[in-house]
Amino acid sequence: PKATFISPDGNHDELSVASGTTLMQAAVGHGIRSIVGDCGGSGACATCHVYVEQEFLDKLTPMDSNEQEMLECASSPVQDNSRLSCQIAMHDHLDGITVEVAPTQW
Ligand code: FES
C-alpha cells in the first residue's frame, strides 16, 4: 500500500510502505526529514506528529491514552486529526492515505 507525506516545505512524497511498517518508520527510512522519530517509535517523543486526511481518520486504530498524552507534548498545534505516525501501522485498507507533517517536531 502507498502513503503520501506532505512536508511543511510543500514536498509531496509518495511511498510504498510494507504492511505492518509504521508511517514513521517509512518516512525516516526514506529520508523524509520533517518526521524525526526520536524515540524510535515507542510513542515517547511526539516528534513524529502528523495530521491525517479526514477520510482516513476513521480507518485508523483509535488512539490509546499514551498517544493522547504524548500529543500534548507535541510542539505544533494539536488538531482533531493529529496522530503520532509511529502509532499508525500500514495495512491494505489504508492504501492511499495522505498525512500532512506537522510544521515543527521539536
Ligand atoms: Fe517517538 Fe512517535 S517516534 S512518539
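Coordinate-derived values only; no laboratory data. Remember, predicted model here, so these are calculated numbers, not experimental data. Ideal geometry is used to build each Cβ from the backbone, glycine not excepted, and the neighbour counts take in all protein chains shown.
The table for this structure:
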{"quantity": "Filter result for the condition that a residue is under 12 Å from the mean Cα position of the chain (by Cα), within 16 Å of the ligand (Cβ to nearest atom) and of a type in the set (Lys, Arg), over 33, 83", "calculated": "83"}
{"quantity": "Residues satisfying the stated conditions in segment 1-26, i.e. in contact with a His (Cβ under 8 Å, 6 or more places away or on another chain), surrounded by 13 or more Cβ atoms within 10 Å (Cβ to Cβ) and not hydrophobic (A, V, I, L, M, F, W, C)", "calculated": "1, 4, 13"}
{"quantity": "Any hit, segment 77-96, residues being of a type in the set (D, E, K, R), under 24 Å from residue 16 (Cβ atoms), in a loop (DSSP other than H, G, I, E, B) and touching a Lys or Arg at 6+ places or on another chain (Cβ under 7 Å)", "calculated": "yes"}
{"quantity": "Restricting segment 52-73 to residues that are over 19 Å from residue 9 (Cα atoms) and of a type in the set (A, V, I, L, M), the residue that is nearest to the ligand (Cβ to nearest atom)", "calculated": "70"}
{"quantity": "Residue match in segment 27-41 (condition: touching a Lys or Arg at 6+ places or on another chain (Cβ under 7 Å), surrounded by 16 or more Cβ atoms within 10 Å (Cβ to Cβ) and outside any loop (DSSP other than H, G, I, E, B))", "calculated": "no"}
{"quantity": "Segment 39-51 residues that are within 6 Å of the ligand (Cβ to nearest atom), paired with ones that are assigned to a strand (DSSP E or B) (beta carbon under 8 Å, 6 or more apart)", "calculated": "41/22; 43/84; 46/84; 48/84"}
